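None of the figures in this text is laboratory data; all of them are computed from the coordinates on show. Fair warning: this is a prediction, and the values are worked out from it, not measured in the lab. Heads up, the Cβs are rebuilt from the backbone with ideal geometry, glycines too, and the neighbour counts pull from every protein chain shown.
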Amino acid sequence: MIKEYATGQIRNVAIIGHGSTGKSTLFDAMLFIGGKIDKIGNAAAGTLVSDFDDEEKSRKMSIKCALGFIETDDVKINIIDTPGMSDFVGDARAALQVADAAILVVDAVDGVQIETEKYWRYLNEKNIPRIIFINKMDKERANFAAITDSVAADLGTSLVPLAISVGDAEQLKGVVDLVDLKAMSPKGDGRDVQVTDVPADLKGTADEARTKLMELAAEGEDSLIEKFLDGGELTNDEIAIGLRNQLKAAKLHPVVCGSSQKGIGVKLLVDVIRKYVPAPDPACAYAGHDMNDHAKAVSRKCLPSEPMTAVVWKTYIDQFAGRFNYLKVLSGELMPDTDVLNATRNVKERIGKLFTMVGNKQFDLPKITAGDIGVVVKLDRTATRDTLADAKSPAVMPVIEVPHPVFSYAIESAKKGDEDKIGQAFARVTDENPTITYQYNAETRQTVLSGMGEMQLDIILKSLKEKNKLEIITKIPRIAYRETITKKSEAQYKHKKQTGGHGQYGDVYLRLAPKTRGEGYEFIDSIVGGVIPKNYIPGVEKGVKEALDEGVLARFPVVDVAVEVFDGSYHPVDSSEMSFKIASRGAFKKAMEGAAPQLLEPIMEVDVYVDKDYMGDILNDITSRRGRVLGMGSTDESKGGGVSVVKATVPLAEMLRYSIDLRAKTSGKATFEMKFSHYDPISGKIAEKVIEDRKKELEEEAAK
């Protein structure tokens, strides 16, 4: 069992970056430096600590977050390794929301790439402190000065190196710590470092860089800037104070360099995290709401004395070991062998032992205090994004946000009778990963599996086939079109039926008028003089609502229409609510046919992140998909480099396989994000094709 640490002794960092920049190797190197593993693994050999899943080993890439920790000088550093591919960005986003700083890994030769840019935007949006680690400085053509300038230009920011490299590319020997002005190189097996004076040929460069560092650090506190401007030399402790303040406010972006595979620069990175990354802030107030009243705001401070509140940011379900819930305690203390309340679901859970992890290896914890990260196992009902709380003071903390799915399959069981098994399997999948949705769409009459990309969904389907023996058929999902009207119209429908005894009689006049897009449906009762008795008006409205479910063009739902009942008649004996419901359905259909009905299609808001070399192709492709470009931006307009973002609106029908096409078109050098925007009209041949396909679809369903 590891020892107890107070909130102020904890550092939480997430390693992020583009794929293949060496994040998982850096994770291993930090664990090795910290004495938690015996050697640094290798991606090609499948020996990395964080990539312990069989699928990760076979693909030689991370597809899930992994947790590790090291202990150094009475400080515990929790390290979260994250996937680099956009299909698995949900895991990385969740990790960033429980970390107190990010380690953004950049390849020393490739520089800023698509995911680097996307992460940078996210870090800016959330004001998350970050340290940049320039990795693979031992690669051919690596040059520290050049890559630092390039990264600063591409990200549109100023950087402050805390180190410079001793040699570049194949000549890389170590790094210079610019605060202590000492050179550090691996010693022995690489776990320790040899500290020497700065090489003579680097002395001038190091002194100049340290002066710049001192100036930027001084801006972190008024007394320091005054001392610096007066010509005073800041001490190492004063530099540390300035760096801490600036980093915590995300106003200063330190840079460390090295080679994770060779362990160069990693010891310095660990020291930088320990010294400068902020501990969980006791003054930070997490915003949530009362479990029983969502309108009642509740806040929790990161203090052990507050009621216990913890949020689950990751769930991993092992086929044999069961469910692992990774959580961060936002306030209070979580103790072993206690009962807590899942405030999200209002169910009790029993906490057994508490753990932290190094990959898939468990380490017992005596408790998890405010600000710390740990793992609980075998909770029956708890999933990612749930809040665990003290039953005496339950609050829900919706602090974990995930991106919207961008890729979907309509799925069917290949074998009759497996539907329930498939549903249960996908329920576990969505518990594990909230970027995955699995739901029946009543409009399209399909069960739809959605996620962040084709690879993510294919991995899930492959796992279900191999581990659960479930065969699943995938199809392109149908589009949930809508119908609306474009002009006013009136119609009457009289429902009259005599069947012996009491008959049926309902006579309704309806007036339809178009409403502004997105306003929805409105029912107006304009009956005067009792021509339709008040007790039958609810029947009229029920009939209208039923008629809204199926329009007259292709039996899609009808939206954005005002329906006014303004006249009618009734029979004192034969009229009933049912008669008026049938009559209003008929009147609505007739009125809609005369109101110039129109098809509507869902339009998506799309952000495409792309290397500038592919900008022309992307713009042409968006236009070919009936898209409308809203704007373009670049991280470095002046130099023509960096990563660009194209903002556009595109019909969903044109985006169903966009992730596949985009990857092929740009050789994997572009990604995109997408969410629903609004509905727009379609007409002409496109509308005719939609109506024709819908007719065939309904005929096939009727024939089953």
Checklist entry - With labels modelled as points extended 7 Å from the Cα through the Cβ direction, what inter-label distance (nm, one decimal) is found for His294 paired with Asp110? => result 4.1
Checklist entry - Can you list the residues, at least 5 places off or on another chain, whose amide H is less than 5 Å from the amide H of Val347, using H built in the peptide plane? => result Asn342
Checklist outcome for this item: Computed from the beta carbon distance with a Förster radius of 60 Å, FRET efficiency for Lys173 and Glu605 to the nearest 0.05 stands at 0.75
Item to check | Residue pairs, from the table Lys494/Lys581; Lys39/Lys262; Lys465/Lys665; Lys60/Lys469; Lys64/Lys248, whose Cα atoms sit over 19 Å apart | outcome: Lys465/Lys665; Lys60/Lys469; Lys64/Lys248
Checklist entry - Cα centroids of the stretch 322-352 and the stretch 481-522: how far apart, whole angstrom? => result 53
Checklist entry - Please state the relative contact order of the stretch 601-686 as a whole percent: Cα pairs under 8 Å, 6+ residues apart? => result 45
Item to check | Alpha-carbon radius of gyration plus Dmax, which is the widest Cα pair, for the stretch 285-396 in Å | outcome: 13.2, 41
Checklist outcome for this item: Honestly the stretch 364-495 on the Cα gyration tensor test (a ≥ b ≥ c root eigenvalues; a/c under 1.5 rounded, otherwise a/b vs b/c for prolate or oblate) is just oblate
Checklist entry - Given Cα pairs under 8 Å that are at least 6 residues apart, what percent is the relative contact order of the stretch 375-499? => result 27
Checklist entry - Can you give me the Cα centroid spacing of the stretch 531-546 and the stretch 1-31 in angstrom? => result 64
Item to check | Backbone N under 19 Å from the Ala596 label point (7 Å along Cα→Cβ), restricted to the stretch 661-686 | outcome: 680-686
Item to check | J(HN,Hα) series, the stretch 313-324, from Karplus relation 6.51 cos²θ - 1.76 cosθ + 1.60, nearest Hz, glycine and proline x | outcome: 9, 7, 10, 10, 10, 8, 4, 10, 8, x, 9, 10
Checklist entry - Exactly which GluC sites (Glu not before Pro) in the stretch 370-433 are in a DSSP loop and have at most 16 other Cβ atoms within 10 Å? => result Glu401
Item to check | Extended-chain gain in nm, criterion 0.36 nm per residue less alpha-carbon gap, Phe566 and Asp458 | outcome: 33.4 nm
Item to check | Label-point gap, in nm, between Lys665 and Asp197 - each point 7 angstrom along Cα→Cβ | outcome: 6.0
Checklist entry - Rounded to the nearest 0.05, what FRET efficiency is calculated for Ala427 and Arg350 with R0 set to 22 Å and r the Cβ-Cβ distance? => result 0.55
Item to check | Ranked Ser463, Ser569, criterion: other C-beta atoms within 10 Å, fewest first | outcome: Ser569, Ser463
Checklist entry - Cα centroids of the stretch 394-440 and the stretch 373-392: how far apart, whole angstrom? => result 19
Checklist entry - In a solvent-free Debye calculation with one equal scatterer on each Cα, what is log10 I(q)/I(0) for the stretch 488-633 at q = 0.10, 0.11, 0.21 Å⁻¹, listed in the order of the q values? => result -0.47, -0.53, -1.18
Checklist entry - Using only Cα atoms, what is the ratio of the radius of gyration of the stretch 22-62 to 2.2 N^0.38 Å? => result 1.06
Checklist entry - Can you list residues whose amide H is under 5 Å from Lys182's amide H, if they're 5+ apart or on another chain and H is modeled 1.01 Å from N? => result Asp177
Item to check | Relative contact order [Cα under 8 Å, 6+ residues apart], the stretch 10-276, whole percent | outcome: 20
Item to check | Debye-sum result for the stretch 226-277 in log10 I(q)/I(0), which assumes one identical scatterer on each alpha carbon, at q = 0.19, 0.22, 0.32 Å⁻¹ | outcome: -0.74, -0.88, -1.16
Next on the checklist: Through the Karplus equation 6.51 cos²θ - 1.76 cosθ + 1.60, θ set to phi - 60°, convert the phi angles of the stretch 128-144 into ³J(HN,Hα) values in whole Hz; use x for Gly and Pro.
Outcome noted: 8, x, 8, 10, 9, 10, 7, 9, 6, 5, 8, 6, 4, 6, 5, 8, 5
Next on the checklist: If R₀ is 51 angstrom, what is the calculated FRET efficiency for the pair Ala45 and Arg555, using the beta carbon separation as r and rounding to 0.05?
Outcome noted: 0.35
Item to check | Over 29 Å (Cα to Cα) - which of Lys23/Lys182; Lys136/Lys675; Lys136/Lys462; Lys3/Lys227; Lys3/Lys328; Lys57/Lys314 fall in this group | outcome: Lys136/Lys675; Lys136/Lys462; Lys3/Lys227
Checklist entry - If you add up the charges near Lys57, with Lys and Arg at +1 and Asp and Glu at -1, over every other residue whose beta carbon is less than 13 angstrom from its beta carbon, what do you get? => result -2
Checklist outcome for this item: Here the stretch 568-574 yields Karplus 3J(HN,Hα) values (6.51, -1.76, 1.60; θ = phi - 60°; whole Hz; Gly and Pro given as x) of x, 7, 9, 10, x, 10, 8
Checklist outcome for this item: Computed, not fitted: 222 nm per-residue ellipticity of the chain from DSSP H runs ≥ 4 (each -39500 (n - 2.57)), nearest 500, equal to -8500 deg cm²/dmol
Next on the checklist: Taking the 0 to 90 degree range and rounding to the nearest ten, how far is the long axis of helix 454-468 tilted relative to the main principal axis of the chain, both from C-alpha atoms?
Outcome noted: 90
Checklist entry - Going by the alpha-carbon gyration tensor, a ≥ b ≥ c the square roots of its eigenvalues, is the stretch 539-599 rounded (a/c under 1.5) or, if a/c is not under 1.5, prolate (a/b greater than b/c) versus oblate? => result prolate
